[in-house]
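Data block below; observations after.
Nothing in this text is a laboratory measurement; each read-out follows from the coordinates by a stated rule. From a predicted model like this one, the values you see are computed outputs, not experimental measurements. Cβ placement follows ideal geometry from the backbone for every residue including glycine, while neighbour counts extend to all protein chains displayed.
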Amino acid sequence: MHRLFHKLLLLVVSLVMLGCTPIAAPSQGEASTATTTLNVVAAASLADAFKDIGAAFADGHPGTEVIFNFAGSNQLATQIGEGAPADVFTSANVTQMNVGIKTGRILTDTQRTFARNRLVVVTPSDNPAGLTGLQDLATPGVKIVFAAKEAPVGQYSLDFLDKAKADGSLGAGYKDAVIAKGVSYEENVRAVLTKVALGEADAGVVYTSDVVTVEGEVGQIEIPDNLNTIANYPIARLSDSPHLELAQQLMDYVLAPEGQQVLVEYGFIPTTGDASGAAPGAVPVEVTGLVNNPGAFSADDLAAMEQATIKATDPGATEQDYTGDLLSTLWETVGVQAEATSVVFTNGDGYSQEVTLEELNADPNAIIVTDDGGALRNIIPTMMPRYWVKGLVSIEVK
């Protein structure tokens with residue numbers, strides 16, 4: 001009993017001494033050790049590039065720590081809707097960014113497209129199924145892993161198969177045959193990549209940037225432009241962020257030459273000319289929806305078509321000549337279906353305008369042109385300026 005009492009007495013004395021010990025105040029001129037934490041929720045495919053970008057940004061902003069939550073864009077948008085703490089949100093498509101915007105937590109005037117990507121088929125490095133081309137994906141016995149359709153890359157994979165079905169060059173029944181080979185549907189693109197690299201499947205569809213992160217561990221089968229998809233990655237601040245200014249600085253860094261260069265090193269397509277010389281928006285425009293021949297059209301593809309010169313007035317400028325492809329010619333090329341009633345023009349920042357086909361067809365001078373920077377845009381003389389969309393990346397016929 002005496003020994004127990006002695007131990008208790010020592011404990012009490014120790015606690016009293018600790019309670020009485022003064023907390024040392026920083027000396028005059030001593031630097032503050034307070035840390036500001038930025039929470040960034042980002043698409044899984046950005047993991048490697050953003051870790052480097054976050055570290056470089058923190059180095060340039062002493063006292064800042066950037067913490068990432070990487071997952072499928074659909075999962076992240078759901079988390080935002082459920083109130084998860086975040087300062088910045090990036091998505092692998094505009095669709096999930098719009099889901100986030102609908103929650104009311106994203107500043108809708110802040111979203112910017114900061115990178116682009118495209119699809120590729122990957123195989124294990126030893127390629128046990130002996131796959132050499134896209135046609136081999138339909139071979140009996142092949143095991144393919146996809147991302148779930150709710151994830152951006154999962155939907156892009158289905159878009160690839162839809163285009164292949166419409167194109168017909170890979171054979172009748174190709175889409176159904178390939179889907180039948182699916183052995184699992186993963187939550188995000190990195191899970192697909194991991195399964196293929198480990199040899200748990202014969203093939204999978206991922207982004208080209210993912211291959212950079214596992215160089216030598218997987219083989220590649222290219223998907224041609226007419227069957228591929230250009231994925232647009234938007235970034236935005238959250239309205240309830242306690243660090244709005246710092247969040248904007250991070251966004252600016254991602255869009256600056258330094259951030260863009262890191263993205264290029266990890267296989268992404270930059271959105272500015274600073275990192276690689278590519279012009280903003282200088283990517284193929286995808287024509288999808290109610291058309292018989294969907295596809296992606298580059299500036300060179302459009303230049304090879306019959307050109308027309310029209311007069312129109314750009315906002316803030318005088319009337320001038322524009323040379324490009326008549327939309328009516330493009331409609332003939334893609335085969336607009338009889339039930340179509342409208343067209344949605346969308347640019348790389350997610351800005352879009354919907355126009356009825358009746359209004360478009362009533363303007364015989366509506367064209368698509370290539371601007372001086374190589375980006376595509378529509379010119380609709382009778383609907384200036386609201387429905388003119390610069391930096392086109394998609395045209396959806398509805």
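Quick look at the values:
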quantity: Principal axis dimensions, the chain - Cα atoms, whole angstrom, descending; calculated: 101, 61, 36
quantity: Sequence-distant aspartates and glutamates (8 or more away, or on other chains) whose Cα lies within less than 20 Å of residue 181; calculated: 126, 136, 150, 159, 162, 200, 202, 222
quantity: Dipole magnitude of region 285-397 about its Cα centre (Cβ charges: Lys, Arg +1; Asp, Glu -1), debye to nearest 20; calculated: 160 debye
quantity: Descending Cα extents along the principal axes, region 285-397, whole Å; calculated: 38, 28, 27
quantity: Fewest-first sequence of 252, 300, 325 by Cβ atoms within 10 Å of each Cβ; calculated: 300, 252, 325
quantity: Shape call, region 48-126: gyration tensor on alpha carbons, a/c limit 1.5; calculated: oblate
quantity: Order of 76, 290 under a 10 Å beta carbon neighbour criterion, fewest first; calculated: 290, 76
quantity: For region 64-104, fraction of C-alpha pairs farther apart than 12 Å, in %; calculated: 54 percent
quantity: Charge dipole magnitude, Cβ of K and R +1, D and E -1 - region 68-138, Cα centre, debye nearest 20; calculated: 260 debye
quantity: Cα centre as origin, Lys/Arg/Asp/Glu Cβ charges: the chain dipole, Debye; calculated: 1540 debye
quantity: For region 165-216: rounded, prolate or oblate by the Cα gyration tensor [a/c cutoff 1.5]; calculated: prolate
quantity: Computed label-point distance, nm, for sites residue 217 and residue 107 using a 7 Å Cα→Cβ extension; calculated: 3.7 nm
quantity: Cross-link table 143/175; 149/195; 163/390; 149/175, entries beyond 20 Å C-alpha to C-alpha; calculated: 163/390
quantity: Selected from 296, 308, 44 as most flexible by GNM, with the chain as the system and alpha-carbon contacts under 10 Å; calculated: 308
quantity: Inter-centroid distance (Cα atoms) of region 84-98 relative to region 146-208, Å; calculated: 23 Å
quantity: Highest-MSF residue in the chain out of 284, 128, 152 [GNM, Cα springs under 10 Å]; calculated: 128
quantity: Leading residue at positive end of dipole, the chain (Cβ point charges), from 88, 387, 303; calculated: 88
quantity: Candidates 107, 255, 137: whichever shows maximal mean-square fluctuation once the chain is modelled as a Gaussian network with Cα springs under 10 Å; calculated: 107
quantity: Convex hull volume of region 140-246 per residue (C-alpha atoms, cubic angstrom); calculated: 140 Å³
quantity: Dimensions (Å) - region 199-255, Cα atoms, principal axes, largest first; calculated: 46, 28, 19
